[in-house]
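The values are calculated or read from the model by the stated rules, or taken from the named source; none is laboratory data. Note that the coordinates shown come from a computational prediction; the quantities given were computed from them, not determined experimentally. Cβ placement follows ideal geometry from the backbone for every residue including glycine, while neighbour counts extend to all protein chains displayed. Side chains included, ligands, DNA and RNA excluded: accessible areas come from the protein's heavy atoms. Shrake-Rupley method; radii C 1.70, N 1.55, O 1.52, S 1.80 Å.
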Amino acid sequence: MNIRENSFFAANLAMRVKRHEDVISGMNDVAKHERELTAEERMLFGDGHKNAIKPLMDSWKILLKKEEEFRGNKEKISQIKEYQKDLKKRIHTICTDALIVLENHLIPSISADDADAYVQYHTLKGDLNRYLAEITIHGRKTFMDKADSAYKSATHMAVTKLRRADPLRLGLCLSFSVFCDEILGSR
């Protein structure tokens with residue numbers, strides 16, 4: 001096996017045992033080989049990042065509710081703020097690292113006729129910016145605009161090149177609708 005195959009195998013194995021940080025590391029290595037990813041590699045890249053971020057975002061939302069619940073209790077609010085600070089840092093790192101790989105390696109490597117890769121990468125780019133918008137106060141509009149732009153780019157390609165019931169197109173619709181409801185709806 002070559003280095004790329006080893007990285008993909010390790011990432012795939014890490015996914016099966018739910019070691020999402022290792023999936024990210026392996027798939028970032030695969031992505032940096034300046035070659036288009038296969039459909040399976042693209043899926044693992046996206047799923048690894050989303051699976052690492054999801055529990056962190058769930059925790060973020062819980063802490064926001066706890067912050068409301070304990071409003072006025074300085075000691076508890078202080079503890080909540082410490083957890084939020086740690087979560088924000090971890091989410092920000094995962095998202096920005098993935099965006100760098102997407103923008104510097106994966107999106108530029110898409111062949112002109114690969115609508116699947118285009119939609120998948122731009123949907124993920126939208127999702128990552130949406131997560132950043134959720135956790136950011138200063139600069140939130142920048143992340144919102146980047147998410148909106150990525151989703152709209154993906155939508156344009158999906159509408160013109162993918163079947164209506166294509167799983168990537170449906171996933172895009174779901175992600176974009178969550179963005180519109182949870183982020184744009186909360187302006």
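Numbers for the structure displayed
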quantity	calculated
Accessible-area composition of the chain, carbon plus sulfur, in percent [1.4 Å probe]	55 percent
Reach of K141 by Cα under 18 Å, taken over lysines that are not fewer than 8 positions away in the same chain	K88, K125, K152
Region 51-135 - percent relative contact order, Cα under 8 Å, separation 6 or more	32 percent
Trypsin sites (Lys or Arg not before Pro) lying in DSSP loop within region 46-140, provided at most 15 other Cβ fall within 10 Å	R71
CD proxy at 222 nm, helix term only [per DSSP H run n ≥ 4: -39500 (n - 2.57); per residue of the chain; nearest 500]	-26000 deg cm²/dmol
Residue among T160, L172, V119 farthest towards the positive dipole end of the chain, charges placed on Cβ	L172
In order through region 143-156: 3J(HN,Hα) via Karplus (6.51 cos²θ - 1.76 cosθ + 1.60), integer Hz, x for Gly, Pro	5, 4, 5, 5, 5, 4, 4, 5, 5, 5, 4, 5, 5, 4
The chain, relative contact order in percent, only Cα pairs under 8 angstrom and at least six apart counted	17 percent
Stretchable slack from A165 to E36, in nm (0.36 nm times residue separation minus alpha-carbon distance)	44.0 nm
Correct choice for mean projected area of the Cα convex hull in nm² that was computed from the model, options (i) 25.6; (ii) 20.2; (iii) 11.7	(iii)
Heavy atoms of H105 accessible to a 1.4 Å probe, total area in Å² rounded to 10	40 Å²
Heavy-atom SASA rank of V23, V159 (probe 1.4 Å, accessible area, largest first)	V159, V23
Karplus (6.51, -1.76, 1.60) ³J(HN,Hα), θ = phi - 60°, over region 112-118, in Hz, Gly and Pro reported as x	4, 9, 9, 5, 4, 4, 4
Modelled FRET efficiency - R0 25 Å, K18 with K66, Cβ distances, 0.05 increments	0.45
Inter-part distance where region 101-177 and region 5-78 are each reduced to a Cα centre, Å	17 Å
Relative contact order computed over region 126-171 (Cα-Cα under 8 Å; 6+ residues apart), in percent	30 percent
